[in-house]
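The values are calculated or read from the model by the stated rules, or taken from the named source; none is laboratory data. Note that the coordinates shown come from a computational prediction; the quantities given were computed from them, not determined experimentally. Here Cβ is always computed from backbone atoms with ideal geometry, including for glycine, and neighbour counts include all displayed protein chains.
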């Protein structure tokens, strides 16, 4: 990515921040759902479990976690009762790890979802 595109993208993202400093991307409803996911990042693979999921991202835990700023891909199989459909729905996602945090003795990673595809 060239510098001008990066600066342009940063400028676009800055317009979405509220004056209070609160990030509106975090305003999406979070669903406390524990689902197994297989994460791929930087030619490595990780097994993890989601803690919560929103339209914008997810929080997950695992024995090993991708580094902050890693581009990740993962597939989530959403249960039919959560999706309101007759069958489970498989969602393939691409995103980025934006932070790590410690919850008790467990390491968690938060990721934003940049794009997703529903598998028919």
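Here are a few things to note about the model shown:
- Residue match in the range 89-101 (condition: farther than 15 Å from residue 116 by Cβ, at pLDDT 90 or above, out of contact with any helix residue (DSSP H, G or I) (no Cβ under 8 Å at 6 or more places or on another chain) and loosely packed, with under 11 Cβ neighbours inside 10 Å): yes
- Selection of first residues in the range 91-114 that are without any contact (Cβ under 8 Å) to a residue 60 or more places away in the chain and of second residues that are outside any strand (DSSP E or B) and surrounded by fewer than 13 Cβ atoms within 10 Å (Cβ to Cβ), restricted to Cβ pairs under 7 Å at least 6 apart or on distinct chains, gives the following pairs, ordered by first then second residue: 96/69; 97/67; 97/69.
- Residue satisfying condition, being crowded, with 16+ Cβ neighbours inside 10 Å and modelled with pLDDT under 95, within set 54, 70, 85, 80: 54
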